[in-house]
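The structure appears below as structure tokens.
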Amino acid sequence: NFKIVDGDIVIFCFGEIDCRCHIHKHITNTKSYKMVIDEVVDRYTIAIKDIVSDVNLKHTCLYNVVPPVNKTNTPQNRRLPYLGSDEERKQYVLYFNERIREKCRENDWIFFDIYDHYIDDKGFLNKSFSDGNVHIKDGKYIKKFVDDKLLEIA
């Protein structure tokens, strides 16, 4: 119960933990990471449509999955470990974002895409913008997106 009302802008944020911990463990000989992610994104889309169906939002936005971390320089949480290699997890995130972008196009939602602003030269979360772990700490590009894209078109 988030008290969403007509005219609000809602931003859905989802996926980092899935790409870090959960996608890899569902891959089998007959089920690729793309199949796993397609299923997650399809269910995510259905849930979002259900949430926003009873309200007349100004905008529905889906935030990109944040860049993965390089596990050689980032401590891991034992309860939520890094599963898959760094390169595999990067592929999961990139594909996840590709699918979210497609769903945004299909549903006339805004893809809140700031991914490229937060990567280092190898495509992982830039440590200078992180909390030293898996989260973005410096939100300057998030704020810029909100100011330039959401508030401008609001």
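The values are calculated or read from the model by the stated rules, or taken from the named source; none is laboratory data. Everything quoted here is computed from the prediction, not taken from an experiment. No Cβ is skipped: glycine too gets one built from the backbone with ideal geometry, and neighbour counts run over all protein chains shown. Quick note on the areas: whole protein, heavy atoms, side chains included, nothing else; ligands and nucleic acids left out. Shrake-Rupley method; radii C 1.70, N 1.55, O 1.52, S 1.80 Å.
Every residue, every condition in (1) farther than 21 Å from Leu94 by Cα; (2) of a type in the set (S, T, N, Q); (3) open to solvent by 50 Å² or more (accessible area, probe 1.4 Å), yes or no:
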{"site": "Glu106", "(1), (2), (3)": "no, no, yes"}
{"site": "Ile110", "(1), (2), (3)": "no, no, no"}
{"site": "Lys127", "(1), (2), (3)": "no, no, yes"}
{"site": "Gly132", "(1), (2), (3)": "yes, no, no"}
{"site": "Asp138", "(1), (2), (3)": "yes, no, yes"}
{"site": "Tyr141", "(1), (2), (3)": "no, no, yes"}
{"site": "Lys144", "(1), (2), (3)": "yes, no, yes"}
{"site": "Lys149", "(1), (2), (3)": "yes, no, yes"}
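Could we say that Asn107 is under 12 Å from Leu62 (Cβ atoms) and over 14 Å from the mean Cα position of the chain (by Cα) here?
Yes, satisfied.
Among the residues that make up region 92-103, is at least one of them assigned to a helix (DSSP H, G or I) and more than 18 Å from Glu39 (Cβ to Cβ)?
No, because not a single residue in region 92-103 is assigned to a helix (DSSP H, G or I) and more than 18 Å from Glu39 (Cβ to Cβ).
So Glu87 ticks every box in (1) open to solvent by 40 Å² or more (accessible area, probe 1.4 Å); (2) free of Cβ contacts under 8 Å to residues at least 24 places away in the same chain; (3) touching a helix residue (DSSP H, G or I) at 6+ places or on another chain (Cβ under 9 Å) but one. Which box is left unticked?
(3)
Yes/no per residue for (1) in contact with a Gly (Cβ under 9 Å, 6 or more places away or on another chain); (2) open to solvent by less than 10 Å² (accessible area, probe 1.4 Å); (3) β-branched (Val, Ile, Thr); (4) within 30 Å of Val5 (Cβ to Cβ):
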{"residue": "Arg43", "(1), (2), (3), (4)": "no, no, no, yes"}
{"residue": "Ile46", "(1), (2), (3), (4)": "no, no, yes, yes"}
{"residue": "Lys49", "(1), (2), (3), (4)": "no, no, no, yes"}
{"residue": "His59", "(1), (2), (3), (4)": "no, no, no, yes"}
{"residue": "Tyr63", "(1), (2), (3), (4)": "yes, no, no, yes"}
{"residue": "Val66", "(1), (2), (3), (4)": "yes, no, yes, yes"}
{"residue": "Asn73", "(1), (2), (3), (4)": "no, no, no, no"}
{"residue": "Asn77", "(1), (2), (3), (4)": "no, no, no, no"}
{"residue": "Leu83", "(1), (2), (3), (4)": "no, no, no, no"}
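Which residues, taken from region 58-73, are of a type in the set (Lys, Arg) and either within 21 Å of Phe129 (Cβ to Cβ) or not in a loop (DSSP other than H, G, I, E, B) (or both)?
Lys71
Each row is one residue, and each column tells you yes or no for (1) within 24 Å of Asp113 (Cβ to Cβ); (2) more than 17 Å from the chain's Cα centre (by Cα); (3) not in a loop (DSSP other than H, G, I, E, B).
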site: Phe2; (1), (2), (3): yes, yes, no
site: Ile11; (1), (2), (3): yes, no, yes
site: Thr30; (1), (2), (3): no, yes, no
site: Asp38; (1), (2), (3): yes, no, yes
site: Val41; (1), (2), (3): yes, no, yes
site: Thr45; (1), (2), (3): yes, no, yes
site: Asn56; (1), (2), (3): no, yes, no
